[in-house]
Amino acid sequence: METFRTKSETETIELGKKFAENNLKEGGVVALYGDLGTGKTRFVQGICKAFNIHYNVSSPSFTIINEYKSEKITIYHFDFYRINHISELTEIGFDEYIFSKAISIIEWADRVTEILPDKRYDIHFFHTEQENERIIEIKKNDYTGH
Ligand SMILES: Nc1ncnc2c1ncn2[C@@H]1O[C@H](COP(=O)(O)OP(=O)(O)OP(=O)(O)O)[C@@H](O)[C@H]1O
Ligand SMILES: [Mg+2]
């Protein structure tokens, strides 16, 4: 696990960009955990930047799936803040998204961990006593079978 401390939203965006450049490719799954306003969506902005996607990445919690495309890659950005039960995901065909060639990024992943692939990145976001500071822990989950 790697731990980072960012001092501004720009630093979190940059961290997301670096993370993506170093780790993400087709089929990648990234699970994001953390309270409201801890910077999950800023981090996603950075990931998109790494792939030259300059959409206005936001997380209106009403939209469950946002899709961003570049010439090379598709990114699915999920926000499960409002998901109450896993069965709501079967309705949207979640499996077909996360097991596709696209990169899938999931905010509020704690609501759906049991149906996430084992091979994924888990990233935890925390507030600190400092208003513009966040702690971000990046963990590679890579079970290679038993
Ligand atoms: N170090 C920092 N990193 C990221 N965001 C920061 C930081 N310091 C302050 N902020 C502010 O915190 C907010 C983070 O918002 P963001 O939408 O990324 O959070 P979120 O975790 O996605 O929240 P939600 O659960 O509501 O989707 C922004 O308003 C941003 O300006
Ligand atoms: Mg968000």
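The values are calculated or read from the model by the stated rules, or taken from the named source; none is laboratory data. No experiment lies behind these values; they were computed from the predicted model shown. Virtual Cβ from ideal backbone geometry, glycine too; neighbours counted across all protein chains shown.
Note on region 119-146: residues that are under 15 Å from the mean Cα position of the chain (by Cα) and surrounded by fewer than 13 Cβ atoms within 10 Å (Cβ to Cβ) amount to 1.
Cβ-Cβ distances below 8 Å connect the following pairs, each with a first residue in region 88-116 that is modelled with pLDDT of 90 or more and in a loop (DSSP other than H, G, I, E, B), a second residue that is acidic (Asp, Glu) and buried (at least 19 other Cβ atoms within 10 Å of the Cβ), and a separation of six or more residues or different chains: 108/79. Scanning region 13-30 finds no residues that are modelled with pLDDT of 90 or more, in contact with a strand residue (DSSP E or B) (Cβ under 8 Å, 6 or more places away or on another chain) and within 12 Å of ligand 2 (Cβ to nearest atom). I'd like to know if region 62-69 contains one or more residues that are among the hydroxyl-bearing types (Ser, Thr, Tyr), within 16 Å of ligand 2 (Cβ to nearest atom) and at pLDDT 95 or above. No - not one qualifying residue is present in region 62-69. Tallying residues that are under 15 Å from residue 100 (Cβ atoms), among the hydrophobic types (A, V, I, L, M, F, W, C) and within 16 Å of ligand 1 (Cβ to nearest atom) within region 62-79 yields 3. Taken over region 13-57, the criterion of being in contact with an Asp or Glu (Cβ under 9 Å, 6 or more places away or on another chain), among the small types (Gly, Ala, Ser) and on the phi > 0 side of the Ramachandran plot is satisfied by 34, 39.
Restricting region 31-60 to residues that are among the small types (Gly, Ala, Ser), assigned to a loop (DSSP other than H, G, I, E, B) and free of Cβ contacts under 8 Å to residues at least 60 places away in the same chain, the residue that is nearest to ligand 2 (Cβ to nearest atom) is 59. Filtering region 69-87 to residues that are touching a helix residue (DSSP H, G or I) at 6+ places or on another chain (Cβ under 7 Å) and in a loop (DSSP other than H, G, I, E, B) leaves 80, 83, 86.
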